[in-house]
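The structure under discussion appears below in the form of structure tokens.
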Amino acid sequence: MTRLSAITPSGHAHLGNHLGALRHWARSDGPDDLYFVSDLHAMTVSYNPPRLRSLTRELLAVLVASGIDPSRLCVQSDLVRELGALSWVLECTCSYGEAARMTQFKAKGGTAARLGLLTYPVLMAADILLQGASKVPVGDDQLQHVELARSLARRFNASYGEVFVVPEAVTPPTAARVRDLTSPDRKMSKSTRDAAGVVFVLDDPDLIRRKISRAVTDSLDEVAYRPETQPGVANLLEIYAACTGTSPRDLTFPTYAALKSAVADAVIEELRPIRSGVTTLLSDPAELDRIRKAGADRARTRATHRLDSALRLAGVA
Ligand code: TYM
């Protein structure tokens with residue numbers, strides 16, 4: 001079994017990324033598992049190139065500091081030639097309607113949107129299929145994209161010959177969708193303009209406490225796990241449960257203030273080692289460069305055979 005997943009450097013990593021994804025990746029122990037920084041995906045909307053380069057480096061450091069085995073890490077653009085080739089093959093396996101149906105495209109798309117925003121799930125399918133991944137650990141928001149990768153793998157295999165493993169998504173038992181602290185109707189996101197509701201993995205402890213103390217709750221004044229009617233409180237309970245290994249339904253707190261204070265303590269402790277690890281790693285550029293290069297060599301070696309077979313079966317190259 002090969003697990004594979006990625007994080008896009010469209011902003012700083014946040015608590016949702018950590019609880020919904022990164023900390024699960026750190027428990028992964030398959031020799032062929034692969035986790036990467038998907039910098040090519042950050043080009044689908046307007047962006048600043050020097051900032052992208054620096055966020056890519058920062059996220060690679062966050063992945064190492066989160067405890068993921070450095071030998072399982074890489075940066076997506078180091079495989080841009082292989083991925084570009086497979087993406088084209090898969091774009092010619094995918095219909096326009098299938099790509100346009102993706103909810104992320106429907107939310108951000110429009111006639112002025114970059115074409116890459118429409119084809120981005122196909123590049124994601126290439127990421128997965130190129131490496132022969134069988135399990136793709138993701139939060140809820142990425143399920144539709146993994147579903148597309150499954151369809152494209154099946155369709156290619158049936159049309160041209162068996163070459164791709166059909167992947168399966170795996171979602172975490174808790175915190176699959178951490179919500180914004182000030183707008184609990186939406187998910188916590190890297191690209192949110194107002195950072196008051198987003199706890200970043202590298203925020204200092206005082207700032208984390210301040211953001212959590214200002215989290216939106218409700219006027220019921222009752223700490224109970226009711227996601228439909230008390231989404232703000234339910235989100236805080238889920239965050240606390242995910243940090244402490246408990247279940248949100250079993251938790252009791254006398255007041256909202258007590259809940260927020262406990263959540264802040266738990267989140268600060270959860271993120272402390274990552275913040276300190278990233279500081280150390282960013283002060284040693286040679287070590288990060290070495291990790292990046294070794295990861296790229298390994299991922300490329302593994303991908304070449306499958307890419308060659310796919311091109312041959314498709315009647316080209
Ligand atoms: P990205 O960078 O948006 O998110 C990285 C991971 O974090 C999860 N996540 C969340 N989990 C819980 N609560 C949240 N609020 C929250 N926000 C994000 C995401 O589900 C994801 O698991 N397209 C992908 C990256 C990608 C990829 C891949 C993933 C590129 N290629 C191949 C899997 C396989 C993305 O932009 O994730």
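The set of residues in the range 281-312 being in contact (Cβ under 8 Å) with a residue 40 or more places away in the chain and of a type in the set (Ser, Thr, Tyr) consists of Thr304, Ser309. Here Ala99 fits the description: surrounded by 14 or more Cβ atoms within 10 Å (Cβ to Cβ), of a type in the set (A, V, I, L, M) and farther than 24 Å from Gly295 by Cβ. Can you say whether Leu118 is within 13 Å of the ligand (Cβ to nearest atom), in a helix (DSSP H, G or I) and in the same structural domain as Ala310 (by TED's automatic domain parsing), as far as the supplied structure shows? Criteria not met by Leu118.
Restricted to the range 1-109, the set of helices (runs of 4 or more DSSP H) holding at least 2 residues that are within 13 Å of the ligand (Cβ to nearest atom) comprises 49-65, 80-91, 103-108. Ala310 meets each of the listed conditions (1) assigned to a helix (DSSP H, G or I); (2) farther than 29 Å from Pro205 by Cα; (3) open to solvent by 70 Å² or more (accessible area, probe 1.4 Å) apart from (3). For the range 46-100, a tally of residues being among the basic types (Lys, Arg) and touching a strand residue (DSSP E or B) at 6+ places or on another chain (Cβ under 9 Å) returns 2. Taking the criterion of being within 30 Å of Thr44 (Cβ to Cβ), among the basic types (Lys, Arg) and crowded, with 16+ Cβ neighbours inside 10 Å, the only residue of the range 191-225 that qualifies is Lys211. Just a yes or no: is a residue in the range 113-131 under 19 Å from Ala176 (Cβ atoms), polar (S, T, N, Q), surrounded by 19 or more Cβ atoms within 10 Å (Cβ to Cβ) and in contact with a strand residue (DSSP E or B) (Cβ under 8 Å, 6 or more places away or on another chain)? Within the range 113-131 (the criterion being under 19 Å from Ala176 (Cβ atoms), polar (S, T, N, Q), surrounded by 19 or more Cβ atoms within 10 Å (Cβ to Cβ) and in contact with a strand residue (DSSP E or B) (Cβ under 8 Å, 6 or more places away or on another chain)), the answer is no, since none of the residues qualifies.
So for the range 264-271 (the condition being open to solvent by 30 Å² or more (accessible area, probe 1.4 Å), in contact (Cβ under 8 Å) with a residue 24 or more places away in the chain and farther than 30 Å from Thr2 by Cβ), does at least one residue qualify? Yes - at least one qualifying residue is present in the range 264-271. Per this entry, Pro184 is not counted among residues that are within 30 Å of Leu237 (Cα to Cα), open to solvent by 30 Å² or more (accessible area, probe 1.4 Å) and part of a loop (DSSP other than H, G, I, E, B).
Selection over the range 158-181 of residues that are more than 10 Å from the ligand (Cβ to nearest atom), crowded, with 16+ Cβ neighbours inside 10 Å and not hydroxyl-bearing (Ser, Thr, Tyr) gives a count of 4. Among the conditions (1) touching a Phe, Trp or Tyr at 6+ places or on another chain (Cβ under 9 Å); (2) part of a loop (DSSP other than H, G, I, E, B); (3) within 21 Å of Gly20 (Cβ to Cβ), Val223 misses just one, which is (3).
For the range 132-157, the set of residues classified as open to solvent by less than 40 Å² (accessible area, probe 1.4 Å) and in contact (Cβ under 8 Å) with a residue 40 or more places away in the chain consists of Gly132, Ala133, Ser134, Val136, Pro137, Val138, Gly139, His145, Leu148, Ser151, Leu152, Phe156, listed by residue number. Scanning the range 130-143 turns up one or more residues that are within 12 Å of the ligand (Cβ to nearest atom), assigned to a helix (DSSP H, G or I), out of contact with any Ser or Thr (no Cβ under 7 Å at 6 or more places or on another chain) and of a type in the set (S, T, N, Q). Scanning the range 229-248 for residues that are assigned to a loop (DSSP other than H, G, I, E, B), modelled with pLDDT of 95 or more and either surrounded by fewer than 18 Cβ atoms within 10 Å (Cβ to Cβ) or not polar (S, T, N, Q) (or both) gives a single hit, Thr229.
The values are calculated or read from the model by the stated rules, or taken from the named source; none is laboratory data. For clarity, every value in this text was computed on a predicted model and none was experimentally measured. A quick note on method: Cβ atoms are made from the backbone with ideal geometry, for glycine too, and the neighbour counts reach across all protein chains shown. Quick note on the areas: whole protein, heavy atoms, side chains included, nothing else; ligands and nucleic acids left out. Shrake-Rupley method; radii C 1.70, N 1.55, O 1.52, S 1.80 Å.
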